[in-house]
Structures are given as C-alpha cells and as structure tokens.
Amino acid sequence: MRVLQTFLLILHLLLDSTDGQANAEGTIVFNDVDQASACVYLDDSTMSRFVGNQVVAIDYYIISKLSISSLTVWVRATPDGENLVEKTLAKSDLAKGWNKTTLDTPFAIDGKGCYVGYTFTQSRSAYVVATAEGSRAQGLLLQEGDGEWSETTGSGVLALECEVMGSNLTQFDGRIDDMSVMSTSIKLGQPLAVNGVVTNVACQPFSSLNVTCVSAGMAPMTFNVPLDQTVSYRESCNFGFSFTPDYDVAAEDIALTVTINTEDGNEDQYKANSTCDLIYSTYEHDFTKRMVIEEFTSEKCVYCPNAAGRLSQALQERDDRAVAICHHSGFSSDDFTVDGIDWTIASMFGLDGNPQFLYDRMSFDGTYLFNPSDYQEIVDAIDYVTATDADIEVNVFASVDKAAHTITAMVKGDVGENFAASNPYITVYLLENEVPAVSQKNQYGDIIDGYLHEHIIRAYNNDAWGEALDISNGSYSYTYTFTYDADNWDYNNLYVAAFVSQNGGNRADMQVYNANKVEMKYIGTYYDGSDYLLGDVNGDGTVDISDVTALIDMILSDSASVDDCPAADVNGDKTIDISDVTALIDMILSK
C-alpha cells in the first residue's frame, strides 16, 4: 500500500519550517538578466529520514508571474550539476502564490543530500522569489544568469517544499517547535512548569504524548500528557507538565532536557526533532519586585488602541517585571466591563476618562493616573518601581480540571521582616489575552476589524479589593478556584495574576506591594505533573465531599503522609493536617 504525504524539507527539522507559509512581499529581484535561479540544500540528515521513498512533486511560492516566460523546477546533486529530475512550465501554467508541480519522473531518495530549486526566464525585472521565516545553512541560494551561486542570509529560507510518496514514510513524529519554562528561576520546593508546542510531521494523528524530563542531578521523570485535540499532519498543539525539582540548596543554570518518547503509545521515530534543552535556576527566597499596571480603557475610546499598543511594546521588554490588568471603565462601559470591579476601582482613583494607567495604585509626585505618550515612559516607570526588592514574596501556581472547567490558583510566599502593611489583602484575577473586540473604534471613529484586547478580566476572588491575608506566621498560602468558560475563552490565552496590597479604604492607602502571574498554557492537568489530581484523596478521579471524609479519616488514624498521598497536601505546605481539610472544603465550595 502506498501512502502520500507532504513533508516539509526546506529546513532542518530541529529548527522550524514554513508549514505552508511564505512572505507575500518580495525583497529579492534580479536586474538586467534574462534568467535567474533559486534553490535550497537538503542535507544528508534530512534526506536519510526518507530513504526508500520518492519526491513526486515540488511545491513553491512565487510572488508574481507577470515577468516570467517559463520556469523549470529541478533536483541536483550540486548547484551547478545536471538536473537529476526536472519539469518546465510555461507562464500560463503558473499562478501567483503556491504552485504544485508534479514530476514526470519521481526522484528516488537514497539518503544523500541534494539541491532542490527552480530556474526562471524573465522579460523584465520583478519580484518572483519568495521566502519564509527561519534560517539554516544554504537555506537560500541565488544565481543570476550563469554566474556564481551566492548564499543569502538574513532574508529567510526559500519557500519551497517537497511532496514525498512511498511505503517507508515516518508514521509517528512529534516535532518540538517551542519549549520554555514558566520562569527561569524558581523557589526551592516549588513546582517548575514546562510548556511546549508540538507539531505533527508524520503520517498518523495523535492526541497524547509520553515525555521524559531530565533535570541535572535528578532521576529521569516521565509524564503522560493528554492533548486538547487530535493533532493531524502539520497541525500544532500546546502541551505542558510540571514537576518539583528535588534540590536542597539553590543552584544556577540547571540543565533540563525534554524528550518526546511516544505519541499515543507509539514510538517517536525521529528523536532529533523531538528533544529540547532548557536552563533554569533555583533560589531560597524571591522578593523580586513586580509592578501591577492597571489599564483603563473602553471600546468607545478612540485613543485607547494606541495606548494599548504602547503597553504591549513595553511588556515585550519588561514582561518579567510587570503584571498587566485591563479595566473597561472610566469613559464608558462595554462588553468587557466586569461588574463589581472595574467601576469600583475607577471611582476610587477618580478616573473620568480613557486611556489611563495606574502603577501599583500609588501616587507619583501627587499623580495616580498616567497617559504615557510612548512606550518608553512605561518601561521607565517599571524600572523605577522595581529597582528595589519587595518585602513580601508572591509565587503563583495553578492546576486545572479540564473536565470540570475549573482552575485552582495557589498563591504562596514568605514575608520579610520589614513588611509593614497594617491590613494586607490578596487579589487574584483570571485574565485572558488576544480576545476579539466587539466594536473597538480607532481615532477616526471607525470599527477596527480584527482588533484583539489584552489582559481582559474573566473572573476574580471575592470583590474588587480581594480578601484579607493572614501573614502572622511569617509566610502565607492562599487558594482560590475559578470556573472558566471553555466554549468562549481560549484556555491557552488565560493567565492567573495575583498581588498583595494594602486595603486602607482610601486611594492614598491602597498600595500594591508585590505581584506575580502564571500562564495557563504552562499548566498540565495536574498540579505538579504527577499522576494524581490535587484533592482527590480517595483516588476516584473526582474531588468532592467524599474526599473530605477520607482526608479526616487519614488524619485521625495518624496515617497522613505526603509521600503516600500527595493529593492530600491540598495547601502545598508539605504536611497533611487540619489546614488541608479547610483548603479542600474551600476548593469544593468554590467550584
């Protein structure tokens, strides 16, 4: 049985690929020549994967065909060698955009590297050659007439693909396209969240991964990671898991290697593109200051999109030092205004228009609200506020029950000896990025097509000012469970933000002391990547009142052990006692 599948060969699979993408605007033009060529080198390691199969067609993107008289696609052993296979097309056979040319004689793949490209004749100079984002050795080679070939760097890679047919195609291969840790530095004893993007580059679809994670000095860990979708060829999906590094002392630059072992229980057939190396560090305490930026906006505000753009640009440079929250209030309400929060906060700080920004709910030179004229003003404000460490630590973690559509946020931290808040409160928000606008207007009063809102408040704890926080023991732990709308909210764009502030009842006494956040795309099904559901003490797969009974029985029988039942350590303090019963009841009641 012969199987047909398109494989993207223009890039080494350890890097990235066009996945059918191309830049539609050209930067490459050949002047004063009748003929020009472009090609890409497919090295031995790439071609060896497809030994025994055949290239049956070549796909390529051309920006314009107006100046082309004819075009010949070809495969060669060397750039100036003879055409091992070729096919010539007239101008009438070509189209602007992607073209597929089926070879009259397929090219048999023997595992040796080769050059794939095309030569075209032109009646006048024009943009023809298209590129895609990426870089690799000999990813874009160009030739004017019969001149020397030159390698072009910095312009991307040639937008060209090969279609491979045969009975020896890769059946299971998940390519890691992106991999990162939630934070490159975490507190000892706290979980490290790992997130990646996997792309299916083989024949068979899959809906789960088995992943090995090796952290230097620790035994290898294996995670079974369910995916949110069935991933077919060329489709991508986020995946995530977390674990608690087993270290007693702080360390820097810890090597972390993530490898996809199987897809749906089937061995991944090409490990070279299914492995990624990361680095992280651990610390004993983290009193790093992170600033809360509250943006006040409205879809009727014609100046707000520009202000939102300035904030976005600033966060690109200072995302690790700032937490952004967007309130749709001040000028008018809209579809994203949250009752009980947005207007309450706007009124407290005397807001009567948009756009405005509030920094840590503090006054600077007598001013609370700002409308920065450029993004650098926001960067400067972040740098000023975060130049000194905080006196309280804010660590944010989360777990998700995708079946119940709940997200449980856990906020923990130590309190420094100089922390002097008389009435500390904790506020926790569930927010979403990249939310399509309903009727956002621009400065001309026109509706902006495709506009996306950032930092939209979806849910919150208690009320506008949060809940009172007990710090009497020199540390704290707070848990709150949100219910999320799986049909209308994008889980991978959700994040939990939390901050500790003073609640003095007037604008001069509402200072934010420290903040942090966690993006849900980093969070797998379970709190720490183990095979248990947090709070599921009796192991029946759900968290309900029967787990409270089981937890009480465990404590009364003096058999409570975190090692034996980690799901019972609901508040995450590494012990199992009556405080976990309280946390478990709160978790159940808040669902």
From the list Thr184, Thr230, which one is in contact with a Ser or Thr (Cβ under 8 Å, 6 or more places away or on another chain), under 30 Å from Glu284 (Cα atoms), surrounded by fewer than 20 Cβ atoms within 10 Å (Cβ to Cβ) and of a type in the set (S, T, N, Q)? Thr184
What residue, among those in region 369-386 that are in contact (Cβ under 8 Å) with a residue 40 or more places away in the chain and under 23 Å from Asn516 (Cβ atoms), is surrounded by the fewest Cβ atoms within 10 Å (Cβ to Cβ)? Asp383
For Asp286, indicate whether it is at pLDDT below 90, surrounded by 17 or more Cβ atoms within 10 Å (Cβ to Cβ) and under 30 Å from Ala390 (Cα atoms). yes
Can you list the strands (runs of 3 or more DSSP E) found entirely within region 443-505 that contain at least 3 residues being farther than 28 Å from Lys300 by Cβ? 475-483, 494-502
Residue list for region 94-127, filter: in a loop (DSSP other than H, G, I, E, B) and closer than 23 Å to Gly81 by Cα: Ile109, Asp110, Gly111, Lys112, Gly113
Region 159-195, subset among the aliphatic types (A, V, I, L, M) and within 25 Å of Tyr41 (Cβ to Cβ), residue farthest from the chain's Cα centre (by Cα): Met165
Looking at region 128-145, which of the residues that are in a strand (DSSP E or B) and not small (Gly, Ala, Ser) is surrounded by the most Cβ atoms within 10 Å (Cβ to Cβ)? Val129
Only one of Ser150, Ser125, Ser167, Ser155 is surrounded by fewer than 20 Cβ atoms within 10 Å (Cβ to Cβ), in contact with an Asp or Glu (Cβ under 9 Å, 6 or more places away or on another chain) and touching a residue at least 40 places away in the same chain (Cβ under 8 Å). Can you tell me which? Ser125
Looking only at region 17-68, how many residues end up being basic (Lys, Arg) and at pLDDT 90 or above? 1
Limited to region 20-79, what total is found for residues that are aromatic (Phe, Trp, Tyr) and over 38 Å from the mean Cα position of the chain (by Cα)? 2
For region 507-549, how many residues are outside any helix (DSSP H, G or I), within 30 Å of Arg361 (Cα to Cα) and either modelled with pLDDT of 80 or more or not β-branched (Val, Ile, Thr) (or both)? 10
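The values are calculated or read from the model by the stated rules, or taken from the named source; none is laboratory data. Quantities reported herein were computed from a predicted structural model and do not represent experimental measurements. For neighbour counting, all protein chains shown are included, and Cβ atoms are generated from backbone atoms with ideal geometry for every residue, glycine included.
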